[in-house]
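J.: This structure is in structure tokens; I'll ask about it shortly.
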Amino acid sequence: MSVKKKHTVLVKGPVHPQFIADSIAKHSSKTDIGAHDIFLGQVRSDVIGGNKVSAIDYSSYEEMAEEKFHEIREAAFSKFTLTCLHIYHSVGLVKAGEISLFVFVSSKHRQDAFEACRWIVERIKKEVPVWGKEIFEDGTHTWKSNTK
């Protein structure tokens, strides 16, 4: 297996819907792909202790996070038969309703795409040093666990 080119995963602010749509559209010319699976992580407006979450401010040890994302990506290509794999995760402020994680997996067959996407998301949540500070409507905040 060849090592895939590293690309920057962390993006400032939310992952915009048009970026997601453009990413999908670019794959229409790749006729060896038979399946795509996509995970979109969206900020929820949970109510915690009577306070409603209005945003999450994501922070990260960026160099370590980028390296961990690359390791997960390489491992996914080794474990599954994939054609393409794209991961983008937000740093900075992401408002409730906006996307903070975009995982896009492509394969010849759906089973590999399904299994790989779930496996990748679970590894990201367990291993990547990204933290979220929930910002409440009243201006207070609390740290959010990355494993939820």
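What follows draws every value from the coordinates through simple rules; no lab data is involved. Predicted model, so just to flag it, every value in this text is computed and none were measured.
J.: Lysine pairs in the stretch 36-148 with alpha-carbon atoms under 15 Å apart, 8 or more places apart or on different chains: how many are there?
T.: Lysine pair count for the stretch 36-148: 14.
J.: Restricting the calculation to Cα positions, tell me the Rg (one decimal) and the Dmax (whole number) of the stretch 1-85 in Å.
T.: Cα-based Rg and Dmax for the stretch 1-85 come out at 16.5, 51 Å.
J.: Continuing with the same structure: Return one number: the angle in degrees, 0 to 90 and rounded to the nearest 10, between the long axis of the Cα atoms of helix 17-26 and the longest principal axis of the Cα atoms of the chain.
T.: With both axes taken from Cα atoms, the answer is about 0 degrees.
J.: Same structure again: Relative to the longest principal axis of the C-alpha atoms of the chain, give the angle of the C-alpha long axis of helix 110-127, reported between 0 and 90° and rounded to the nearest 10°.
T.: Rounded to the nearest ten degrees, it is 40.
J.: While we're looking at this one, here's another question. 5 Å is the cut-off here: which amide hydrogens, built 1.01 Å from N in the peptide plane, fall below it relative to Thr83, excluding neighbours closer than 5 in sequence?
T.: Distant-sequence amide H within range of Thr83: Ser106, Ser107, Lys108.
J.: With runs of 4+ DSSP H residues as the only contributors, calculate the mean residue ellipticity of the chain at 222 nm using -39,500 (n - 2.57) per run, divided by the residue total and rounded to the nearest 500. Mind showing how you got there, number by number?
T.: On the way: 3 runs with 46 residues, N = 148.
One gets -10000 deg cm²/dmol as the mean residue ellipticity at 222 nm.
J.: Lys6: which aspartates and glutamates have alpha carbons under 12 Å from its alpha carbon, excluding same-chain residues fewer than 8 sequence positions away?
T.: Cross-link targets: Glu66, Glu67, Glu71, Glu74.
J.: Something else about it: Report ³J(HN,Hα) in whole Hz for each residue of the stretch 54-70, in order, from the Karplus equation J = 6.51 cos²θ - 1.76 cosθ + 1.60 where θ = phi - 60°; Gly and Pro get x.
T.: So the J values, rounded to whole Hz, are 9, 6, 10, 9, 7, 10, 7, 8, 4, 4, 5, 5, 4, 5, 5, 4, 5.
J.: Next question. Taking amide hydrogens as modeled 1.01 Å from N in the peptide plane, which residues meet the under 5 Å criterion relative to Ala55, leaving out close sequence neighbours?
T.: Excluding prolines and chain starts, which carry no amide H, the hits are Ala96, Ile135.
J.: Choose one answer from Val43, Val11, Val103: the residue with the largest mean-square fluctuation in a GNM of the chain with alpha-carbon springs under 10 Å.
T.: Sorting by GNM fluctuation, first place goes to Val11.
J.: Take every Cα pair under 8 Å in the chain that's 6+ residues apart, average their separations, divide by the length, and report that relative contact order as a whole percent.
T.: Normalised by residue count, the contact order of the chain is 34 percent.
J.: How big is the gap, in Å, between the Cα center of the stretch 75-148 and the Cα center of the stretch 31-64?
T.: Value for the Cα centre distance between the two parts: 6 Å.
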